[in-house]
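The values are calculated or read from the model by the stated rules, or taken from the named source; none is laboratory data. Given the structure is predicted, the values throughout are model-derived calculations rather than measurements. Positions of Cβ are backbone-derived with ideal geometry, glycine not excepted, and every protein chain shown enters the neighbour counts.
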Amino acid sequence: MELGYIRRFFTFGPVYGLAVIAVHVLGGLLMANEHKIGYKIAVVASFTPFVSNLIVYRSLIGVSFLGSIFDIALIALLLHTQSRSHQKVWFR
């Protein structure tokens, strides 16, 4: 919802929308192929919902509290010490 609003009402909207989609796809693809840069891109991609909420609603939470909980859980799981150690050991 936020991404559609940004794409429609801001001049940088289409570029921002394509960048968000590209970051998510590229992060997932590179993580699936065990590249360290994919993990870093996925961490950046996990913060994009908060950036979108900040642009549209001027707050980090936005409208959906439950959706924000899942976004926070994604960030917590990606930045957990076991995830980072797995990335350091197995990714090239």
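Below, the figures for the structure above:
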quantity	calculated
Pairs, first under 15 Å from Ala45 (Cβ atoms) and surrounded by 14 or more Cβ atoms within 10 Å (Cβ to Cβ) in the range 63-82, second at pLDDT 85 or above and of a type in the set (Gly, Ala, Ser), C-beta under 7 Å, six or more apart	Leu74/Ser46; Ile75/Ser46; Leu78/Ala42; Leu78/Ser46
Subset of the range 26-51 [of a type in the set (Gly, Ala, Ser), surrounded by 13 or more Cβ atoms within 10 Å (Cβ to Cβ) and over 10 Å from the mean Cα position of the chain (by Cα)]	Gly28, Gly38
Check on Ile6, among the β-branched types (Val, Ile, Thr), in contact with a Gly (Cβ under 6 Å, 6 or more places away or on another chain) and either without any contact (Cβ under 8 Å) to a residue 40 or more places away in the chain or surrounded by 13 or more Cβ atoms within 10 Å (Cβ to Cβ) (or both)	yes
Matching option when the condition is modelled with pLDDT under 90 and not polar (S, T, N, Q), among Ala32, Ala42, Ala73	Ala32
Residue match in the range 13-22 (condition: crowded, with 17+ Cβ neighbours inside 10 Å, out of contact with any strand residue (DSSP E or B) (no Cβ under 6 Å at 6 or more places or on another chain), under 18 Å from Phe70 (Cβ atoms) and of a type in the set (A, V, I, L, M))	yes
